[in-house]
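This is the structure I have questions about; it appears just below.
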Amino acid sequence: MLLTQEELAKAYTIPKKPEVVRRQRLPVRYHVEDFDVAERPRRFLQTFAAILKHTNYRLALDHYVRVSAKCSRCTTHCQIYLATGNPKDVPCYRSELLLSVYRRHFTLSGILRGRILGDPGLTDEQIQEMADSFWNCTACRRCVRECPMGIDHGLVTHLGRYILSEIGIAPRALVVSTREQLIGKTQNTSAIPLPALIDSLEFLSEDMAEEKGIEIPFPIDQEGAEYLFLAPVSDYMMEADTLMGIAAVFRATGDSWTIGTKYYDAINYGLFYNDHVMEEVLGKIHAEAERLKVKKVLIGECGHASRTAKYFYPSFCGGRGAHPVINILEYTYQAWKRGKLKLRPGAITEPVTYHDPCNIARPGWIVEQPRELIRAFCSHYVEMTPNRRDNICCGGGGGTVSIDEIRPHRTTVGGKVKAEQIRATGAKYCIAPCANCKKQLRELMEDQGVDCEIVGLHDLLYKAIIFGESEGGAEPEAAGAASRDEKGD
């Protein structure tokens, strides 16, 4: 059963008991540089001015301050506002926090008006409000599709976070992770050392050989391979089934791929809060692709990592000479369409639904491909509504999923309607091909009491792949049935 519009609106309503409201408003633990708070407005404006000078953000802001940013039509698409009813959660209110600073300090009319009226300008209280508001947003960008003036509230939120992070105001979780990724010993956000990574991959290969009866390797440092594969590094410890499914797909297609040992983390938290971090991480990917002389960069099941590499890698790393970037869902879909990947129809009989990760679905990039694949081997597919480009965010987007101390907010406010969507489908499996979405949705299922298993697309594909006859082509049916029995599918 799908949610009607009335049921969808009701799902947004949450109890306004005092203890619930308190949990919603837990403060974000900010990393704050050690300087006088009284200096923050000056530092904020200096940073804002530098960014405007060296980037093209000014072009967008000049347009936004000349059109109305206060009509509030975006409220109909903002799951945070619809859950809280707090005017400060309205997307255009949030954008106006930064736009008002730009209008006052970086336009001629604003500067003259301030001098005439004696307006002192930006205060530390405004900076604190921006910090709390910008990090309350999931950056899902549904509001952008509803704005009649074309204001990209997601872009404004990103710019606000960028400025704040440059003066030392950013969630500790993201700062700690990116510092390890950029200057730490392991060079990845989860601090996974290379020996542990290799041991994990060897274990998975042994497990697949035992289960499937064929060798399914994870190639390491193979120069000249077609694809450099980069997964969100947390997958190597937390998403074994996803990795096994991806390796099995490559084993079936026979295409060359490799995992690099100098850099192997697709995660790029720079998209969430700082363009410098984004550029440095993309530089690491580029350097590894050049070292191994690959032809293409392949990103695993990760929405933000895929979007960052797809849209920003060419700009930051080589322009037209940058390596082509594709997502693993695109690769698997193309292999299946060309007949290089065979799937057993009806391999999954339980009800299955699909969650569209915002970063790959909102721009219309990866929408129908996974659905066609799912229908090829799942006999009972149930669609959520709304879906595709209008999908509801998991509630942990924009990096908020990394901030564990605001989990109550993420699961009682940001993700509540997504939980009701999934519950309404009655699905046994919810496919979410994104590392951040998986973490958020699993916590959401637990906190909202929904009986549904969150999996990646390749988790289920692993059970449906048909290998060649020389590799036991007659065995997938029996082996697949045995596997389902063992795993309780």
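Run down Pro148, Pro219, Pro171 and say which single residue is modelled with pLDDT of 95 or more and not aliphatic (A, V, I, L, M).
The conditions single out Pro219.
Restricting to region 399-430, name every residue that is part of a loop (DSSP other than H, G, I, E, B) and at pLDDT 90 or above.
Residues of region 399-430 part of a loop (DSSP other than H, G, I, E, B): 399, 403, 415, 426-428.
Across region 399-430, the qualifying residues are Gly426, Ala427, Lys428.
Turning to a different aspect of this structure: Please find, within region 253-284, the residue that is nearest to Ala240 (Cα to Cα) out of those that are in a helix (DSSP H, G or I) and more than 18 Å from the chain's Cα centre (by Cα). It would help to see each step written out before you state the result.
At the first step, the residues of region 253-284 found to be in a helix (DSSP H, G or I) are 253, 270-273, 275-284.
Applying the additional criterion that residues be more than 18 Å from the chain's Cα centre (by Cα) yields 253, 276, 280, 283-284.
Working: Thr253: 20, His276: 31, Glu280: 28, Gly283: 27, Lys284: 24 Å.
Residue satisfying both the conditions and the ranking: Thr253.
Any idea how many residues of region 163-182 are closer than 24 Å to Tyr93 by Cα, in contact with a strand residue (DSSP E or B) (Cβ under 9 Å, 6 or more places away or on another chain) and assigned to a helix (DSSP H, G or I)? Give the steps one after another, and end with the answer.
Step one: of region 163-182, the residues closer than 24 Å to Tyr93 by Cα are 163-171.
If we keep only those that are in contact with a strand residue (DSSP E or B) (Cβ under 9 Å, 6 or more places away or on another chain) as well, we get 164-165, 168-171.
Checking which are assigned to a helix (DSSP H, G or I) leaves us with 164-165.
Looking only at that region, the number is 2.
Moving on to the next point. Counting residues that are surrounded by fewer than 16 Cβ atoms within 10 Å (Cβ to Cβ), touching a residue at least 12 places away in the same chain (Cβ under 8 Å) and of a type in the set (Asp, Glu), which helices (runs of 4 or more DSSP H) fully inside region 302-393 reach at least 1? Let's see the steps before the verdict.
Values: elements: 303-316, 328-337, 358-361, 368-377.
Correct list: 368-377.
Output the residue which, of all residues in region 285-301 that are in contact with a strand residue (DSSP E or B) (Cβ under 7 Å, 6 or more places away or on another chain) and not in a strand (DSSP E or B), is surrounded by the fewest Cβ atoms within 10 Å (Cβ to Cβ). If you could, list the steps in order and put the result at the bottom.
Of region 285-301, the ones in contact with a strand residue (DSSP E or B) (Cβ under 7 Å, 6 or more places away or on another chain) are 285, 288-289, 292, 294, 296-300.
When the remaining residues are screened for being not in a strand (DSSP E or B), the result is 285, 288-289, 292, 294, 300.
Numbers: Ile285: 28, Glu288: 21, Ala289: 24, Leu292: 18, Val294: 23, Gly300: 25.
Once the filter is applied, the top-ranked residue is Leu292.
Test of understanding: among Glu211, Glu202, which residue is of a type outside the set (Gly, Ala, Ser) and either surrounded by 15 or more Cβ atoms within 10 Å (Cβ to Cβ) or within 30 Å of Cys78 (Cα to Cα) (or both)?
Working: Glu202 fails: either surrounded by 15 or more Cβ atoms within 10 Å (Cβ to Cβ) or within 30 Å of Cys78 (Cα to Cα) (or both).
Of Glu211, Glu202, the one residue that is of a type outside the set (Gly, Ala, Ser) and either surrounded by 15 or more Cβ atoms within 10 Å (Cβ to Cβ) or within 30 Å of Cys78 (Cα to Cα) (or both) is Glu211.
So how many residues does region 443-482 have that are surrounded by fewer than 16 Cβ atoms within 10 Å (Cβ to Cβ) and either within 16 Å of Pro345 (Cβ to Cβ) or at pLDDT below 50 (or both)?
Residues in region 443-482 being surrounded by fewer than 16 Cβ atoms within 10 Å (Cβ to Cβ) and either within 16 Å of Pro345 (Cβ to Cβ) or at pLDDT below 50 (or both): 8 in total.
Restricting to region 70-118, and then to whatever is exposed (fewer than 13 other Cβ atoms within 10 Å of the Cβ) and more than 29 Å from the chain's Cα centre (by Cα), can you tell me which residue is modelled with the lowest pLDDT?
Ranking the candidates gives Gly118 first.
Which one is nearest to Thr412 (Cα to Cα) among residues in region 41-100 that are out of contact with any Phe, Trp or Tyr (no Cβ under 7 Å at 6 or more places or on another chain) and of a type in the set (Asp, Glu)?
Among those that are out of contact with any Phe, Trp or Tyr (no Cβ under 7 Å at 6 or more places or on another chain) and of a type in the set (Asp, Glu), it is Glu96.
Being in contact with an Asp or Glu (Cβ under 6 Å, 6 or more places away or on another chain) and either modelled with pLDDT under 95 or over 17 Å from Asn436 (Cβ atoms) (or both) is true for just one of Leu282, Leu292. Which residue is that? Please lay out each step first, then the result.
Numbers: Leu282 fails: in contact with an Asp or Glu (Cβ under 6 Å, 6 or more places away or on another chain).
The match here is Leu292.
Then there's this: Is it fair to say Ser190 is of a type in the set (Gly, Ala, Ser), surrounded by 20 or more Cβ atoms within 10 Å (Cβ to Cβ) and touching a residue at least 24 places away in the same chain (Cβ under 8 Å)?
Here the answer is no, as Ser190 does not meet what is asked.
Could you list, in sequence order, the residues of region 222-240 that are modelled with pLDDT of 95 or more and either among the hydroxyl-bearing types (Ser, Thr, Tyr) or assigned to a helix (DSSP H, G or I) (or both)?
Tyr227
Restricting attention to region 183-207, which residues are touching an Asp or Glu at 6+ places or on another chain (Cβ under 8 Å) and either basic (Lys, Arg) or assigned to a helix (DSSP H, G or I) (or both)? Walk me through it before giving the result.
Residues of region 183-207 that are touching an Asp or Glu at 6+ places or on another chain (Cβ under 8 Å), as a first pass: 186-191, 205.
Once the filter is applied, which keeps residues that are touching an Asp or Glu at 6+ places or on another chain (Cβ under 8 Å) and either basic (Lys, Arg) or assigned to a helix (DSSP H, G or I) (or both), region 183-207 yields only Ser205.
What are the residues in region 106-162 that are of a type in the set (D, E, K, R), under 28 Å from Glu39 (Cβ atoms) and in a helix (DSSP H, G or I), if any? If you could, list the steps in order and put the result at the bottom.
Step one: list which residues in region 106-162 are of a type in the set (D, E, K, R), which gives 113, 115, 119, 124-125, 129, 132, 141-142, 145-146, 152, 161.
Then keep just the ones that are under 28 Å from Glu39 (Cβ atoms); that gives 113, 115, 119, 124-125, 129, 132, 161.
Correct list: Arg113, Arg115, Asp124, Glu125, Glu129, Asp132, Arg161.
Continuing with this model, one more query. Filtering region 431-470 down to residues that are in a helix (DSSP H, G or I) and among the aliphatic types (A, V, I, L, M), which residue is farthest from Phe377 (Cα to Cα)? Walk me through how you get there before you give the answer.
Of the residues in region 431-470, the ones in a helix (DSSP H, G or I) are 435-448, 457-461, 469-470.
Next, from what is left, pick out any that are among the aliphatic types (A, V, I, L, M): 435, 441, 444-445, 457, 460-461.
Values: Ala435: 23, Leu441: 23, Leu444: 27, Met445: 25, Leu457: 11, Leu460: 9, Leu461: 8 Å.
Top of the filtered list is Leu444.
Scan region 36-62 for residues that are modelled with pLDDT under 90 and either touching a strand residue (DSSP E or B) at 6+ places or on another chain (Cβ under 6 Å) or more than 20 Å from Leu174 (Cβ to Cβ) (or both) and report the count.
Start the filter on region 36-62 by keeping residues that are modelled with pLDDT under 90, which leaves 36-40.
Remaining after also requiring either touching a strand residue (DSSP E or B) at 6+ places or on another chain (Cβ under 6 Å) or more than 20 Å from Leu174 (Cβ to Cβ) (or both): 36-39.
Within region 36-62, residues that are modelled with pLDDT under 90 and either touching a strand residue (DSSP E or B) at 6+ places or on another chain (Cβ under 6 Å) or more than 20 Å from Leu174 (Cβ to Cβ) (or both) number 4.
In this structure, is Arg179 surrounded by 21 or more Cβ atoms within 10 Å (Cβ to Cβ), closer than 28 Å to Asn56 by Cα and outside the structural domain of Cys394 (by TED's automatic domain parsing)? Spell out how you get there, then give the answer.
Values: surrounded by 21 or more Cβ atoms within 10 Å (Cβ to Cβ): no; closer than 28 Å to Asn56 by Cα: yes; outside the structural domain of Cys394 (by TED's automatic domain parsing): yes.
No: the conditions fail for Arg179.
The values are calculated or read from the model by the stated rules, or taken from the named source; none is laboratory data. Because the structure is a prediction, the values reported are computed rather than measured. All Cβ positions, even for glycine, are placed from backbone atoms using ideal geometry, and neighbour counts span all protein chains on display.
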